[in-house]
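Scroll down for the structure; my scribbles are underneath it.
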Amino acid sequence: VYVSEDQVFSEPILKDFERETGITVHAIFDTEEAKSTGVMNRLIAEKGNPQADVYWANEPVRAEALKKQGITAAYVSASASGIPNEFRDAEGHWTGFSARGRVMLVNKSARLKTKPDSVLAYTDPRFRGRGVIANPLFGTTTAYIAALFTAWGDKKGNEFLDGLKRNDVKISTSNGETADMVASGEFDFGLADTDDAVSRIRQGKPVEMILPDQGNSGLGMLILPNAAMIIRSGPHPDNGRRLIDYLLSKETERKLAFADCAQIPLHPGVATPAELKSIDAIKAMNVDYHKVANKMQELQPVLNAWAGQ
Amino acid sequence: VSQRITLWAAFGTLCLIGILPIGLMLAESVFFNGAFDLIHYKRLLIESAGWRLMGKTLLLASLTALFSTAVGAPLGVLFGKTDLPFRVPLAAFFIFPLLLPPYVTAVAWFRVFGRTGVLYKLIGDSASEFVSPLFFGLPGCVWVLGLAFVPVPMLLTVVSLKAIPLRIEEAARLFAPWSLVINRISLPIARAGILFGGILVFVLAAGEFTVPAFLRYDTFPVLSFTRFAASYDFSAATAAAAPMALIVFAIIAIEARFLKGDQVSSRLNDGSSLSIPLRHLRWPVFALIVLFLFAAVLSPIAALVSDTNLRDVTTAFAQSSASLYRGLFYSATAAALLTTLGFVLAWLVERRTLPICRAAEFTSLFLFALPGTVLAIGLIQLWNRPALNLIYASPILLVFAYIAQYAGLTMRLVRPSIAAIPNSMEEAGRMSGAGWIRRLSRIVAPLAIRGLTLSFVAAFLLCQRDVALPLMLAPPGLETLPARTMTLMANGSPSLISAMCALIVAGTALTSAISAALFPAVTRT
């Protein structure tokens, strides 16, 4: 199994699967710096010689890219029943579960007159030099930038990227590091995933989580479910399918909701901790993951050039 | 015949597992859409980012080499040439950071210099607000890497000073005080060794990616790793790695041409040398060194260990003991093979019986200096084929990578021991009818046992601390502890990460202590 979801959250689920089924799982996890891209590129490199049966992605956008390259195979699990269609590939190449949102993490002791409650705070001169964002070449930040380009169009998207530089926004290596930087007071705010934010809050760090762009005219918060997919011609397809069934189950969603990653269940009726808003109570960004995936591929040279400037 | 076959086989092994992947990787990178095209290299030349990052890498490597040498060479003089009390245990403490994965050292220093670190607790906001931004950048990288690599020039200074023939310094002492002898005689003779130490630090710092990535200082290895991880284009990633390979190539060539570090090893005497009496300065200097040791080595480790608790260490051990044992097994296997290969290569280079001796020396040192990420990308490109799954899908590929990366080091460590064995002893064996392999195993190996043991221990510890190679090459579920710690850093609780780093520190300390205890017994045998 190749895994982009943080090891600290995904490994206990895989261990439970081993215990309950007797099937041994050998996993490779991404580092925080190469989040979602390290093992994904390994899957691409191994297309003609697949070593993995399952890819547990931490977002569905790169799953679309793998589908386009013919690396995944279709599999519609019975456990997926109840998961809304917008979080599933129409052809069954990937299925979403346990979602995260992109949130603003703000240091409570930051001396800010207004709170950064929109992604546009990054380009607002009032917050100059106070924000940090993870490297857009990696992880959910790439998907977020691609979603912004899809929603705004290229012109506004490019202006936003230029604005980040102009406003002296610092680039961290990962969302986890962004959360640490904000928690330690190095920066006042930063965009991270809900699991990064909740884990810092539960660690007692002086931070608060703000759902961005929730106003009437706001874009909404980007929701990124995990995505499970079968690798075409993997060595153990039956065991792979059993793992997918397990990952998509309500029980796994419940565990991930109560873990420190506090992920939002996509099945209806799954118990959640009190601080977790249900998917219906959030103003979500209206995205088509397929379009975002295409935009992400298109943006790769732009982001490479932007990151290298 | 057996001699030629063995020597060619050793050189061939190095080429097969080290040079062939790099060559193949470079060859594939000059094709685009099936036709010869240098587009990736042209892009690299055009991109201002590439030049900027190259400048930053060279600046980091130069400052780190200067810092390490400025600290390491005087320490080497103190430990190798004076009667400083407790100099052997002190030297051992200074060597310790070199045996840890550099990012563990960076995490440890973060516990000191971070906004909520030890410095903040001791002095408050004002100091940490000033120091923390410096730490996250070039000064922090130079500090962390410079101190981690201090043992390299330190040890080479000790070895070079010990290699000076007794009679030269004795003669000089008849007419001049020690200060003059050291400045005019000893240090100029030892210069090649000390400079080689600086060069080694330069290439190690230039190839390091975990510390610059952690401290957010972009360098070329970070670019090549991110290009490999983020881009879908392997050829572009190779092109991004090529300038580093070229720099390493140039530096090793310069070293081979001008410094001739081999002269130092071939002069190695029986270890007897004059010692500078510090007299009334003995204890004040000792106190200063202990103070520096505490500030530069012990304080970050103490901060790291104090950041965790017994429960977390127990949890970390329960969750990661398999990775720990696995790493020990891989490292021991690789170290045994590396010592054997290093022994044969050292004999080849020292005795110069085949025309490939210079090529063998150059190749092994080139691979040693090459960033691990570059080597790993090459190995994946070469071995990732269904017919080669026995190697690609198993830890064998990781062991291959260790061998390619560290053969240059084991060769260098065994070589002085072989240089010290007179040719006449092998000649006597030959006259008695012993074949080459028999002479090598019955005469040379027993006499070179000191170098062989040192080589095994060094290779074992370096394989243990490696991060880049297991991170990229270990098969699913078969990672080592440093690689596991690196992947768990994503949202793992800080105290658990500290506990895992503490486990690495404890494992390294234990292995080093066992090695130090066994070393005299083995070499006596």
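Give me the pairs: first residue in segment A:283-309 and away from chain B (no Cβ under 14 Å), second residue in a helix (DSSP H, G or I) and small (Gly, Ala, Ser), beta-carbon distance under 7 Å, and six or more apart or on different chains, which are they? Sorted first by the residue in segment A:283-309, then by its partner, the pairs are A:MET285/A:ALA147; A:MET285/A:ALA151; A:VAL287/A:ALA147; A:VAL292/A:ALA143; A:VAL292/A:ALA146; A:VAL292/A:ALA147; A:LYS295/A:ALA146.
Scanning segment A:248-269 for residues that are of a type outside the set (Gly, Ala, Ser), crowded, with 16+ Cβ neighbours inside 10 Å and at pLDDT 90 or above returns A:LEU248, A:LYS250, A:THR252, A:GLU253, A:ARG254, A:LYS255, A:LEU256, A:GLN263, A:ILE264, A:PRO265, A:LEU266, A:HIS267. The criterion of being in a helix (DSSP H, G or I), touching an Asp or Glu at 6+ places or on another chain (Cβ under 6 Å) and either under 30 Å from B:ALA240 (Cα atoms) or away from chain B (no Cβ under 12 Å) (or both) does not hold for A:HIS267. The condition (being free of Cβ contacts under 8 Å to residues at least 40 places away in the same chain and surrounded by fewer than 24 Cβ atoms within 10 Å (Cβ to Cβ)) is satisfied by just one residue among B:THR314, B:THR333: B:THR314. Considering each residue of segment B:326-357, count those that are farther than 15 Å from B:ILE449 by Cα, within 22 Å of the chain's Cα centre (by Cα) and of a type in the set (Ser, Thr, Tyr), and give that number. Adding up the residues that qualify gives 3. Per the listing B:MET425, B:MET431, the residue uniquely in contact with a Leu (Cβ under 8 Å, 6 or more places away or on another chain) and exposed (fewer than 14 other Cβ atoms within 10 Å of the Cβ) is B:MET425. The set of residues in segment B:268-283 being within 32 Å of the chain's Cα centre (by Cα) and either at pLDDT 90 or above or under 30 Å from B:ALA448 (Cβ atoms) (or both) consists of B:LEU268, B:ASN269, B:ASP270, B:GLY271, B:SER272, B:SER273, B:LEU274, B:SER275, B:ARG282. Listed by first and then second residue, the pairs with beta-carbon distance under 6 Å, at least 6 apart or on different chains, first residue in segment B:55-67 and over 15 Å from B:ILE251 (Cβ atoms), second in a helix (DSSP H, G or I), are B:LEU63/B:VAL142; B:PHE67/B:VAL142; B:PHE67/B:GLY146. For B:LEU473, the requirement of being hydrophobic (A, V, I, L, M, F, W, C), within 14 Å of another protein chain (Cβ to nearest Cβ), touching a Pro at 6+ places or on another chain (Cβ under 9 Å) and closer than 30 Å to B:ILE380 by Cβ is met.
Residues that are of a type in the set (D, E, K, R), surrounded by 15 or more Cβ atoms within 10 Å (Cβ to Cβ) and touching an Asp or Glu at 6+ places or on another chain (Cβ under 9 Å) within segment A:87-114 comprise A:ASP89, A:ARG100, A:ARG102, listed in sequence order. Screening B:LEU348, B:LEU382, B:LEU365 for residues that are within 14 Å of chain A (Cβ to nearest Cβ) and either outside any helix (DSSP H, G or I) or not acidic (Asp, Glu) (or both) leaves exactly one candidate, B:LEU382. Of all the residues in segment A:181-213, those that are touching a residue at least 40 places away in the same chain (Cβ under 8 Å), at the interface with chain B (Cβ under 10 Å from one of its Cβ atoms) and of a type in the set (S, T, N, Q) number 1. When each of B:GLU426, B:GLU479 is tested for being in contact with a helix residue (DSSP H, G or I) (Cβ under 7 Å, 6 or more places away or on another chain), within 14 Å of another protein chain (Cβ to nearest Cβ) and of a type in the set (Asp, Glu), the lone residue that passes is B:GLU479. Taking segment B:455-469 as the range and being within 11 Å of chain A (Cβ to nearest Cβ) and surrounded by 24 or more Cβ atoms within 10 Å (Cβ to Cβ) as the test, only B:ALA468 passes. Condition first: away from chain A (no Cβ under 14 Å), surrounded by 19 or more Cβ atoms within 10 Å (Cβ to Cβ), of a type in the set (A, V, I, L, M, F, W, C) and in contact (Cβ under 8 Å) with a residue 12 or more places away in the chain. Can you find one or more residues in segment B:109-124 that meet it? Checking segment B:109-124: at least one residue is away from chain A (no Cβ under 14 Å), surrounded by 19 or more Cβ atoms within 10 Å (Cβ to Cβ), of a type in the set (A, V, I, L, M, F, W, C) and in contact (Cβ under 8 Å) with a residue 12 or more places away in the chain. Restricting the search to helices (runs of 4 or more DSSP H) fully inside segment B:390-504 and requiring at least 2 residues that are aromatic (Phe, Trp, Tyr) and under 19 Å from B:PHE209 (Cα atoms) gives B:396-419.
Which helices (runs of 4 or more DSSP H) does segment B:66-181 wholly contain that include 1 or more residues that are of a type in the set (S, T, N, Q)? Here the list reads B:102-113, B:125-135, B:151-162, B:178-181. Taken over segment A:87-136, residues that are touching a residue at least 12 places away in the same chain (Cβ under 8 Å) and closer than 23 Å to A:LYS68 by Cβ amount to 11.
Cβ-Cβ contacts under 7 Å between residues 6 or more apart (or on different chains), taken from a first residue in segment B:371-384 that is farther than 16 Å from B:ALA239 by Cβ to a second residue that is of a type in the set (Val, Ile, Thr) and assigned to a helix (DSSP H, G or I), are listed as B:TRP383/B:ILE391. Within segment A:5-25, the presence of at least one residue that is within 22 Å of B:PHE209 (Cβ to Cβ), in contact with a strand residue (DSSP E or B) (Cβ under 8 Å, 6 or more places away or on another chain) and either in a helix (DSSP H, G or I) or polar (S, T, N, Q) (or both) is confirmed. For B:GLN319, the conditions (1) at pLDDT below 90; (2) within 30 Å of A:GLN203 (Cβ to Cβ); (3) away from chain A (no Cβ under 13 Å) are fulfilled apart from (3). When segment A:58-97 is filtered for residues that are more than 19 Å from A:MET40 (Cβ to Cβ) and under 14 Å from the mean Cα position of the chain (by Cα), only A:PHE87 remains. Among residues that are at pLDDT 90 or above and of a type in the set (Val, Ile, Thr), B:THR525 is not included.
Candidates in segment A:181-224 are the residues that are of a type in the set (Ser, Thr, Tyr) and outside any helix (DSSP H, G or I); of these, the one that is nearest to A:ASN107 (Cα to Cα) is A:SER184.
In this structure, B:LEU99 does satisfy being more than 20 Å from B:ALA190 (Cα to Cα) and not acidic (Asp, Glu). Here B:ARG216 qualifies as basic (Lys, Arg), under 23 Å from the mean Cα position of the chain (by Cα) and closer than 23 Å to A:ALA307 by Cα. Hey, can you tell me all the residues within segment B:439-463 that are within 29 Å of B:ASP312 (Cβ to Cβ) and modelled with pLDDT of 90 or more? Passing the criteria: B:PHE460, B:CYS463.
The values are calculated or read from the model by the stated rules, or taken from the named source; none is laboratory data. Computed from a prediction, not measured in an experiment: that's the story for all the values here. Don't worry about glycine lacking a Cβ; one is built from the backbone with ideal geometry, like all the others, and counts go over all protein chains shown.
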